[in-house]
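> Below you will find the structure I want to go over with you.
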Amino acid sequence: MIEVEGLTKRYDGRVVVDDLSFEVGAGELLVLLGGSGCGKTTTLKMINRLIEPSAGVVRIGGRDTRELSGPELRRGVGYGFQQVGLFPHMSVAENVGVTPSLLGWSPDRIRSRVDQLLALVQLEPAAFRDRAPSALSGGEQQRVGIARALAAEPGVLLLDEPFGALDPLTRDHLQQALIRIRRELSLTVVFVTHDMVEALLLGDRIAVLRDGGLAQLGTPGELLQSPADEGVAELMATPRRHAGIVDSLLADADG
Amino acid sequence: MPMADELALLPGYAIAHLQLSLMAIGLGVAISVPTGIWVTRNARLEPAVLGAASVLQTIPSLALLALMVPLLAGLAGLLSGLGVELRSIGFLPAVAALTLYSVLPILRNTVTGIAGVDAALIEAARGVGMTDRQRLLRVELPLALPVIVAGLRTATVWVVGTATLATPVGATSLGNYIFSGLQTRNFTAVLVGSIASAGLAIGLDALVRTLERGLVERSRVRIGLAAGFLALLCALALGAQLVRVASSAQRPIAIGAKTFTEQYILAEILAQQVSRWTGLETRAVQSLGSTVVFDALRSGEIDVYVDYSGTIYATIMKREGLPGDRARVLEEVRQYLADEHGVLLVGALGFENTYALAMRGRDARERRVGDISGLVPLAPGLEIGGDYEFFVRAEWQALESVYGLRFRAQRAMDSALMYQAIAAGEVDVISAYSTDGRIASLGLALLRDDRGVVPPYDAIVLASPGLARRHPEVVEALEALAGRIDEPTMQQMNGAVDEHGLAPAEVARRFLEGLRFR
């Protein structure tokens, strides 16, 4: 579904993403995982050309993304990010309907699509449709952000640490919602995070990035069982240790 | 002048003021908003563009207005080769200067407003698939709007206020009340002009604010209300212009006046004389700067005005050295004007209004000063006040060099205030005008120019190069005034306005009535 080949980004000779290649299968959720400065966000933004690659090819559904203009490409690819960026001068419905309106959908079609999406992200359409973004909680804003990203029925969804700024409970709710939604719509998703647990929870496969290159690409199980190197092993140790602590606490409580 | 007379002038002045302001603000927006957008797209240009706009803003508004006249005259010279006619006084220079003046606040706020849009919203706009243009129109401009409108409101208040200064470059505005009112000590007029322009500024500001709130709250009622009102004002301004154009198929004879009482009275006398003799319509172009008025005549933008032989001799012909007698100067001026500028000297009115140094009568008697030579030894202990032009004029330089006059201090001030200043003892000597009615009423003593340094200042009627050709009957009407006004008459008429508060038009009417039965 998404093929990335030799993707490279240089800024003034500094290499941020270095000759990266991977594939994301149809309906798969791939997590790009790594610390800050590893190139994960740059890689994600090169997929919908928010950042133009210095070299390399991205194909979505077999088609080179350079065949379309940037805006045309992005209307067909859902995109969500941590700050959400809801337009404060537009209502919730207008925010969700913005890409369909750019595509010239009829107002009726936009309206019914908006209601459908609000329901999908578990916001009661009648109650939320006409609200201003400023009247929403952080979790509600991110739900609207995801609804906006999905509005024009994209096959691909790109998410850049969408739940990074939310409290743990809200984050959990939204993670569950994302799992449900991607199954329902059989979306192909690329999900950027630095959170190991989130990566293990959501990812069909995880690409661990380091210094703009691929440290390891595999399923959560593969990463846990046979980490490619010290670094990956160390990364995997943290959730393991946490899980161990939780287990022993539970055992104590039961005992 | 009674209030009713002043208020009768209000619609004309207010509409002219509105025309100037709306045109300048409209052009200001049309220039500044696109420039501001362009600058945000080319960040490297921002310092240069904003810097240039700031420099424009630091030019004093009156100077900016005045500078437009020679600038446009130069441009007109260039364009006349291409068959384009450009007017260098009146509406055009005023609008040009006011437009420049409105640029900075709108430009700066456009740039600030757009630059202030949250980076996350820019990313979101790109992420949902907006083109640069859609991002500008759907996200950046709507979010920057309150800031841009704040700049527009600043510009509106500035422009409406500054438009009162458009009078000296020949554009009618509410400033006509203020300029002529200050000169003729008609404070009712000053008050009416000030209140009206303040009211206009507040009104337009409220309109823009309503429009802004309507846009922000997306209230159709507010937007409709403000846009409707604005459209009405534009229609009013435009309509008045159309009526004027339609009715001026026969262009009225334009009569110019400088910025002091005598000039207002003489302009009225010329106007009434022309309309009595010829039935032609006349148009007053009042309160023009001293050199603006000559340029306006030379280029045919006004047809007639009264100047003084000595002024032409010293400031236009730039003659130095001691002038000859009255008749010789007059003849030289006549020749020069005809040869160099094609301007016709119709005739001398009969009186001289010369710059004369004046002291309080009591001081002059106590100190036994009768002429300028007698003033020289006392001068280092005295202060002198002069009008805005005096200290840069050739006459003053001649007085300084020939007599060796050196005062303790010299102050340039408005000529109306100059008389108050000497009466109040704030200055000791002033550059009085010899026909001023206040010389007598304040008991001032004129000092004789015993070395003949100041050229004669015969009041002379000048006609534009084209007037004699188009309207020989007008020249004929004006020739009939030659030699008809002597110094006591002029002093009396000036006094009637300055001291007794009569309207210049009324004084002129009485004078012409008297002339008829003489």
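The values are calculated or read from the model by the stated rules, or taken from the named source; none is laboratory data. Because the structure is a prediction, the values reported are computed rather than measured. Using ideal geometry, Cβ is built from the backbone for each residue, glycine included, and neighbour counts are taken over all protein chains shown. Heavy atoms of the whole protein, side chains included, go into the accessibility calculation; ligands, DNA and RNA do not. Shrake-Rupley method; radii C 1.70, N 1.55, O 1.52, S 1.80 Å.
> Specify the inter-centroid distance of the stretch B:105-128 and the stretch B:371-442, based on alpha-carbon positions, in whole Å.
59 Å
> Still on this model: Pull up the cross-link candidates among the aspartates and glutamates for A:Lys45, meaning alpha carbon to alpha carbon under 16 Å and not fewer than 8 places away within one chain.
The qualifying aspartates and glutamates are A:Glu3, A:Glu5, A:Asp18, A:Asp19, A:Glu23, A:Asp64, A:Glu72, A:Asp160, A:Glu161, B:Glu123.
> Counting each pair of different Cα atoms once, what's the Kirkwood radius of the stretch B:360-456 in Å, rounded to one decimal?
Values: mean 1/r = 0.0742 Å⁻¹.
Evaluated on the stretch B:360-456, it is 13.5 Å.
> Please list the radius of gyration and Dmax for the stretch B:299-406, considering alpha-carbon atoms only, with Å as the unit.
Rg and Dmax of the stretch B:299-406, Cα atoms, are 16.8, 51 Å.
> May I ask you to work out the translational diffusion coefficient for the stretch B:3-247 at 10 °C, viscosity 1.306 mPa s, via Stokes-Einstein with Rh from the Kirkwood sum over Cα pairs, reported in whole µm²/s?
81 µm²/s
> May I pose another question? For chain A, which whole-number percentage of the solvent-accessible area (1.4 Å probe, protein heavy atoms only) is attributable to carbon and sulfur atoms?
Result for chain A: 49 percent of the exposed heavy-atom area is carbon or sulfur.
> Using a 1.4 Å probe on the heavy atoms of the protein chains only, list every residue of the stretch A:97-128 that has 30 Å² or more less accessible area in the complete assembly than in its chain alone.
A:Leu102
> For the stretch B:226-314, what is the accessible area per residue in Å², given a 1.4 Å probe and the full set of protein chains?
Each residue of the stretch B:226-314 exposes 38 Å² on average to a 1.4 Å probe.
> Here's a follow-up. What does the accessible area per residue of the stretch B:355-446 come to in Å², with a 1.4 Å probe and no ligands, DNA or RNA counted?
Accessible area per residue: 42 Å².
> With all protein chains present, how much of the accessible area of the stretch B:157-270 (probe radius 1.4 Å) comes from carbon and sulfur, to the nearest whole percent?
That share works out to 70 percent.
> Moving on. Determine the calculated [θ] at 222 nm for chain B from helices alone, applying -39500 (n - 2.57) to every DSSP H run no shorter than 4 residues and normalising by the residue count; nearest 500 deg cm²/dmol.
On the way: 21 runs with 301 residues, N = 518.
Roughly -19000 deg cm²/dmol at 222 nm, from the helical runs in chain B.
> What's the carbon and sulfur percent of the stretch B:54-140's accessible surface, probe 1.4 angstrom, rounded to a whole number?
The computed percentage sits at 66.
> Taking Cα pairs under 8 Å and at least six residues apart, what relative contact order does the stretch B:355-446 come out at, in percent? Walk me through the numbers on the way to the answer.
Details: 134 pairs, mean separation 42.6, N = 92.
Relative contact order, the stretch B:355-446: 46 percent.
> On to the next question. Want the number for B:Ala8 to B:Ala206: 0.36 nm per residue separation, take away the alpha-carbon distance, what's left?
Working: separation 198, 0.36 × 198 = 71.28 nm, distance 2.59 nm.
Separation in residues times 0.36 nm, less the Cα-Cα distance, equals 68.7 nm.
> So, one more: Which of the residues in the stretch B:113-129 show a loss of at least 30 Å² in accessible area from their chain by itself to the complete set of protein chains, at a probe of 1.4 Å?
Buried by 30 Å² or more upon assembly, which counts only protein chains, are B:Ala120, B:Leu121, B:Glu123, B:Ala124, B:Arg126, B:Gly127, B:Val128, B:Gly129.
> About its Cα centre, how strong a charge dipole does the stretch B:162-283 have in debye, to the nearest 20, once Lys and Arg get +1 and Asp and Glu get -1 at the Cβ?
Charge dipole, the stretch B:162-283, about its Cα centre: 260 debye, nearest 20.
> With 5 Å bins from zero, work out the P(r) of the stretch B:152-309 over every alpha carbon pair and list the percent per bin.
P(r) for the stretch B:152-309, in whole percents per bin: 2, 9, 13, 16, 16, 15, 11, 7, 5, 4, 2, 1, 0.
> Here is a follow-up. Two decimals, Cα atoms only, Kirkwood Rh: what is Rg/Rh over the stretch B:388-507?
For the stretch B:388-507, the value is 1.03.
> Output the Kirkwood hydrodynamic radius of the protein assembly as shown, Cα pairs only, in Å rounded to one decimal.
32.6 Å
> Of the beta bridges DSSP finds with both residues in the stretch B:355-446, what % are antiparallel, to the nearest 5?
Close to 55 percent.
> Rounded to the nearest 10 degrees, what's the angle between the helix B:187-217 long axis and the longest principal axis of chain B, both from Cα atoms, 0 to 90?
Compared with the principal axis, the helix lies near 10 degrees.
> Give the calculated FRET efficiency between B:Ala120 and A:Asp204 to the nearest 0.05, with a Förster radius of 30 Å applied to their Cβ-Cβ distance.
0.55
> Over the stretch B:306-414, what relative contact order in percent results from Cα pairs under 8 Å that are six or more residues apart?
On the way: 83 pairs, mean separation 26.9, N = 109.
Relative contact order here is 25 percent.
> Follow-up question, since we're still on this one. What angle, in degrees between 0 and 90 and rounded to the nearest 10, separates the Cα long axis of helix B:91-115 from the longest principal axis of the Cα atoms of chain B?
It works out to around 30 degrees.
> Total accessible area buried between chains B and A, 1.4 Å probe, in Å² to the nearest 100?
1700 Å²
> With the contact rule set at Cα under 8 Å and sequence spacing of 6 or more, what percent relative contact order holds for chain A?
Relative contact order comes out at 26 percent.
> Go ahead and run the numbers for FRET between B:His500 and B:Val216, Cβ-Cβ distance against an R0 of 56 Å, rounding to 0.05.
So the FRET efficiency works out to roughly 0.50.
> Using a loss threshold of 50 Å², tell me which positions in the stretch A:51-76 are less accessible in the complex than in their chain alone. Probe radius 1.4 Å, ligands and nucleic acids ignored.
Residues meeting the cut-off: A:Arg74.
> Another question, then. Which percent of the Cα-Cα distances in chain A go past 32 Å?
The proportion of pairs with Cα distances above 32 Å equals 25 percent.
> Can you tell me how much longer the chain between A:Ala253 and A:Ala26 gets when fully stretched, taken as 0.36 nm per residue apart minus their C-alpha distance, in nm with one decimal?
Length difference between fully extended and current span is 77.4 nm.
> Another question about this same structure. Taking the Cβ-Cβ separation of A:Asp229 and A:Val197 as r and a Förster radius of 22 Å, what is the calculated FRET efficiency to the nearest 0.05?
Taking R0 as 22 Å, the efficiency between A:Asp229 and A:Val197 is 0.60.
> Right, another one. For the stretch A:42-185, compute the orientation-averaged projected area of the C-alpha convex hull (one quarter of its surface), in nm².
Taking the Cα atoms of the stretch A:42-185, their convex hull projects to 9.0 nm² on average.
> Accessible area per residue, 1.4 Å probe, Å², for the stretch B:1-110: what's the number?
48 Å²
> May I ask for the net charge around B:Asp363, where only other residues with Cβ less than 14 Å from the Cβ of B:Asp363 are counted and Lys, Arg are +1 while Asp, Glu are -1?
Around B:Asp363, the surrounding residues sum to +1.
> Enumerate the whole-percent occupancy of each 5 Å bin, from 0 to the last occupied one, for all C-alpha pair distances of the stretch A:1-64.
4, 18, 29, 28, 14, 5, 1, 0
> If I model a spin label at B:Asp450 and B:Arg41 as a point 7 Å from the Cα along the Cα→Cβ vector, what separation in nanometres do I get?
For B:Asp450 paired with B:Arg41, the spin-label model returns 7.6 nm.
> Quick check: pseudo-label points 7 Å beyond the Cα along Cα→Cβ at B:Arg509 and B:Tyr388, how many nm apart are they?
3.1 nm
> At q = 0.05, 0.11 Å⁻¹, what is the base-10 log of I(q)/I(0) for chain B according to the Debye formula with one equal point scatterer per Cα and no solvent? Please give it to two decimals.
Each listed q maps to, in turn, -0.25, -1.00.
> Another one. So for the pair B:Ile31, A:Val15, with labels modelled 7 Å out along Cα→Cβ, what separation do we get in nm?
Placing both labels 7 Å beyond Cα along the Cβ direction yields 5.3 nm.
> Next question. Below 13 angstrom from the Cβ of B:Glu383, what's the summed charge of the other residues (Lys, Arg +1; Asp, Glu -1)?
Overall, the nearby charge balance is +1.
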